[in-house]
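The values are calculated or read from the model by the stated rules, or taken from the named source; none is laboratory data. None of the values given here were measured: they were computed from a predicted structure. No Cβ is skipped: glycine too gets one built from the backbone with ideal geometry, and neighbour counts run over all protein chains shown. Just so you know, the surface numbers come from the protein's heavy atoms only, side chains and all, with ligands and any DNA or RNA stripped out. Shrake-Rupley method; radii C 1.70, N 1.55, O 1.52, S 1.80 Å.
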Amino acid sequence: MKGVSFTVVVPADPVVAHVGSSVILPCWISPPETAEALEIRWYRHDFNNPVLLYNHRKIQDIQECFRNRTSLSLRSDQSGGLKDGDVSLRLEKLTFQDEGPFHCYASGDTVYDSKVVDLKITDPSDPSDPSDPWKALFFTLLICALLGLVAFILYKCRDKLTGKKPAEENCEGTMEKLIKEVVEDMTMEELRRHAVEISIDRERSHPDLTVSKDCKIVRDGPEYNHTGEGFPYELCAFGAQRFTSGRHYWEVDLARDNTPPKHYWLIGVVKEGSSASKHRSAVTASAGFWFLCSDGPNGFHSNTDQSIILSLNPRPERLGVLLDYDDGQLSFYNVTERKHHLTISSRFSGSVVPLFNPGVGDESPLTILDCPEPVESAAESNTACVKMDVCPQKH
């Protein structure tokens with residue numbers, strides 16, 4: 001299929017099966033063409049640890065916990081199999097641990113695509129759908145939250161309703177303010193109370209990156225040959241610090257004096273042990289990556305399952321990152337403008353480390369700033385980072 005464009009197609013709805021039974025996770029390429037010469041990779045959370053890997057016209061690897069119970073299969077009796085572009089996966093002896101997303105990834109010489117099939121496992125001894133009580137609980141809590149929000153708005157607007165004060169002093173932008181308080185619940189000063197020292201783990205950095213001696217500055221190296229085909233997601237540097245709980249904040253400089261802000265960068269966190277890939281479909285949240293990316297003229301985007309496209313104006317010169325491990329949130333801030341940009345909600349497990357990618361082609365490097373924790377006394381705080389517009393940079 002060299003040079004032929006295709007897309008991966010999967011069912012829109014979850015695939016439901018009983019524990020202990022067998023199931024086929026349908027996946028095929030469109031338009032229908034032979035898939036015998038493609039790389040077919042089924043994986044769950046780790047791209048490099050596939051459930052099943054087919055390449056060079058045969059199955060190369062099967063994950064240990066799926067051995068003797070998984071194979072490529074026909075999605076229907078009418079399917080022509082690999083010759084017809086059918087790359088469906090068969091799973092046998094299902095367990096409750098098998099429930100969740102399965103990524104179907106197909107790659108040719110010049111094109112690749114990936115989609116997710118959601119597998120739901122039910123208990124055959126339970127005649128009702130086990131998810132129904134949870135759905136009822138979810139909608140009950142949602143209704144209670146909405147009623148509470150309405151009550152709070154009415155409380156805020158009580159003066160208007162009684163005619164005591166002009167409307168604009170009480171109700172104008174109340175909903176906007178509430179949303180802002182939920183998303184942007186900390187000032188820059190409060191953010192910097194969670195400041196930590198961050199440096200780059202030189203041993204784990206991509207070999208084509210140039211890292212400073214103090215492990216604070218990183219940029220694309222002179223030997224890196226970028227093909228120009230999209231953002232270089234593989235060009236990553238990993239932080240030396242590991243986090244398993246708590247709140248942690250750091251800042252990254254994206255511009256130098258008399259130079260424009262960087263147009264290409266990627267900043268966030270990654271689950272320790274995850275490996276970067278040049279394919280965007282392999283650096284997803286389910287694979288242990290959470291980040292905000294600036295891709296030049298293509299704009300800003302997150303790597304969440306439903307990608308969030310942002311219009312950031314002005315372009316950030318300094319980015320603040322807050323990792324709230326316990327609450328499962330990763331937030332990004334424009335430090336210079338003192339604005340909140342984005343909060344990604346997820347569920348972290350194990351150790352996560354900072355993630356940096358300087359992109360290619362920018363004059364300015366990516367610089368991690370030293371931002372010491374603020375002191376308590378008012379006199380000392382005048383010289384601390386918490387009272388400054390910028391954090392001092394180590395030289």
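Details
- Among residues of the stretch 89-120, those that are buried (at least 18 other Cβ atoms within 10 Å of the Cβ), within 17 Å of G20 (Cα to Cα) and touching a Pro at 6+ places or on another chain (Cβ under 9 Å), counted: 2
- Filtered by the rule that a residue be among the hydroxyl-bearing types (S, T, Y) and in contact with a helix residue (DSSP H, G or I) (Cβ under 9 Å, 6 or more places away or on another chain), the stretch 346-363 gives a lone residue, S346.
- Flag for L82 being in contact with a Lys or Arg (Cβ under 8 Å, 6 or more places away or on another chain) and either hydroxyl-bearing (S, T, Y) or in contact (Cβ under 8 Å) with a residue 40 or more places away in the chain (or both): no
- The numbered conditions (1) among the hydrophobic types (A, V, I, L, M, F, W, C); (2) under 16 Å from Y333 (Cα atoms); (3) out of contact with any His (no Cβ under 8 Å at 6 or more places or on another chain) are all true for A285 except (2).
- Top-ranked residue in the stretch 89-115 [being closer than 18 Å to F47 by Cα, in a loop (DSSP other than H, G, I, E, B) and not small (G, A, S); ranked as nearest to the chain's Cα centre (by Cα)]: E99
Table: residues versus (1) closer than 21 Å to K216 by Cα; (2) hydrophobic (A, V, I, L, M, F, W, C).
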residue: P261; (1), (2): yes, no
residue: I267; (1), (2): yes, yes
residue: V270; (1), (2): yes, yes
residue: S274; (1), (2): no, no
residue: G288; (1), (2): no, no
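- Here S286 clears all of (1) outside any helix (DSSP H, G or I); (2) open to solvent by 10 Å² or more (accessible area, probe 1.4 Å) except the condition numbered (1).
- In summary, no strands (runs of 3 or more DSSP E) completely within the stretch 319-364 bear 2 or more residues that are over 15 Å from the mean Cα position of the chain (by Cα), among the polar types (S, T, N, Q) and surrounded by 14 or more Cβ atoms within 10 Å (Cβ to Cβ).
- Taking each residue of the stretch 236-248 that is in contact (Cβ under 8 Å) with a residue 12 or more places away in the chain and looking for partners that are outside any loop (DSSP other than H, G, I, E, B) and open to solvent by 50 Å² or more (accessible area, probe 1.4 Å) with beta-carbon atoms closer than 8 Å, six or more apart or interchain, yields A237/R204; F238/R204.
- Beta carbons closer than 9 Å, at least 6 apart along the sequence or on distinct chains, pair a first residue in the stretch 91-106 that is under 19 Å from P124 (Cβ atoms) and free of Cβ contacts under 8 Å to residues at least 40 places away in the same chain with a second that is of a type in the set (D, E, K, R) and part of a strand (DSSP E or B) for E99/D118; E99/K120.
- So V51, is it at pLDDT 90 or above and surrounded by 18 or more Cβ atoms within 10 Å (Cβ to Cβ): yes
- Residue ID - farthest from the chain's Cα centre (by Cα), chosen from residues in the stretch 62-88 that are of a type in the set (D, E, K, R) and open to solvent by 60 Å² or more (accessible area, probe 1.4 Å): D77
- Count of residues meeting criterion [small (G, A, S), closer than 19 Å to H45 by Cβ and part of a strand (DSSP E or B)] in the stretch 289-312: 1
- Test: residue in the stretch 244-255 that is open to solvent by less than 10 Å² (accessible area, probe 1.4 Å) and closer than 22 Å to Y105 by Cα: no
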